[in-house]
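Here's the structure we're looking at; comments come further down.
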Amino acid sequence: MDSVWTATDYRVFLREWLERERKERPAVSLRWMASHLAMDPSLLSKILAQERHLSHSRIQPVCDLLKLEGNEAEYFRLCVHHAKAKGHREAQACFARMAELRKVSPVPLDDIQATYWESWIHVALRSLLSCGKFGDDWARLGSLLRPRQTARRVREAARTLERLGLVQRNPDGIWQVRDAFLKDGSPAQAPMVRHFHRQSLLLSLEAIESIPKELRDLSSLTVSIPPEGYPRIVEMVKDFRTRVLATVAAMDKPDRVYQLSLQLVPLALPEDPPRA
């Protein structure tokens, strides 16, 4: 079962918890769980099937049963409120707090750190340094990057990251990343960020030919939508990115770096309205 921090639908999380407990403890059943929560088994069954919702009065008993305490209990509580939200604003507020509790909210870069976006190597190397204990073995680091890079370019990238305060060396000479996740800050960084996105797209193009199919995943959708469809899909993309960050934050012992790029671009637009 995934950590509660990766849960977005609390009912799926509860169902997976029950399935795991059943395997480990034969005495556990739907009726056993309903009894501990002082609930009707048929109602609990509908909740696990995502047909009904948990009442607010049952949230604490669930937390007690699953041994969720502190921030984990608060996160589960917010998952329930998010699923039962009456409107978009309420759902957004719940989700923002959930992201905060996950402790994966990206740290915005200051404008003086905008050089970070100049090269994809800065971004890739910073993530690679989280995948092991690396010292000044620039040739080895360069051989791990895709496309491969020279020792000189990797050394220059590391010095840039150090100067920007994004990585540091511990007393043993091992490079360490200071913040888990980053994002662009003020609008002044927009040109640099656009440059980085262009590099990312070119890397994806190169990966089609240079990376084996089993190590990459490329797909696309072409859909027709009304005017209000675009902002709704953008929100879904934001939600997905946050879920990915939460899942990654819960993973142990990373040994590789992946770039996940999501593009939502128009292939056909309505005619411009006639000008007066």
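Taken together, the values in this text are just the output of simple stated rules run on the coordinates, not laboratory data. Given the structure is predicted, the values throughout are model-derived calculations rather than measurements. FYI the Cβ positions are ideal-geometry reconstructions off the backbone, even for glycines, and counts take in every protein chain you see.
Would you kindly give the portion of the calculated P(r) for the stretch 4-101 that falls above 17 Å, as a percent of all Cα pairs? Taking all Cα-Cα pairs of the stretch 4-101, the fraction more than 17 Å apart is 50 percent. Amide H to amide H distances under 5 Å link Gly185 with Leu109, where only residues 5 or more positions off or on other chains count and H is placed in the peptide plane. Taking amide hydrogens as placed 1.01 Å from N in the peptide plane, the amide H of Arg169 sits under 5 Å from those of Gln176, each at least 5 positions away in sequence or on another chain.
Using Cα-Cα distances under 8 Å and only pairs 6 or more residues apart, what relative contact order does the stretch 106-219 have, in percent? Each step should come with its number before you reach the end.
Values: 118 pairs, mean separation 40.6, N = 114.
After rounding, I find 36 percent.
Evaluating 6.51 cos²θ - 1.76 cosθ + 1.60 at θ = phi - 60° for every residue in the stretch 144-159, the Karplus couplings come out as 7, 6, 10, x, 4, 10, 6, 4, 4, 5, 5, 4, 4, 5, 5, 5 Hz, glycine and proline recorded as x. Listed values for the stretch 214-219 are Karplus-derived 3J(HN,Hα) couplings in whole Hz (6.51 cos²θ - 1.76 cosθ + 1.60, θ = phi - 60°), namely 6, 10, 9, 9, 10, 8, and x replaces Gly and Pro.
Taking 25 Å as the cut-off for C-alpha to C-alpha distance, list the pairs among Lys86/Lys183; Lys23/Lys84; Lys46/Lys84; Lys67/Lys183 that go past it. As for pairs spanning more than 25 Å Cα to Cα, those are Lys86/Lys183; Lys23/Lys84; Lys67/Lys183.
Show that you can apply the helix-only estimate: for the chain, add -39,500 (n - 2.57) for every DSSP H stretch of four or more residues, divide by all residues, and state [θ] at 222 nm to the nearest 500.
Rounded to the nearest 500, it is -15500 deg cm²/dmol.
Compactness check for the chain: Cα Rg over 2.2 N^0.38 Å is 1.24. Positive-end ranking of Leu128, Leu215, Pro26 along the dipole of the chain, with charges on Cβ about the Cα centre, is headed by Pro26.
Each peptide in 121-127, 55-61, 22-28 gets a packing score, the mean of other Cβ atoms within 10 Å over its residues, and the list from highest to lowest is 121-127, 55-61, 22-28.
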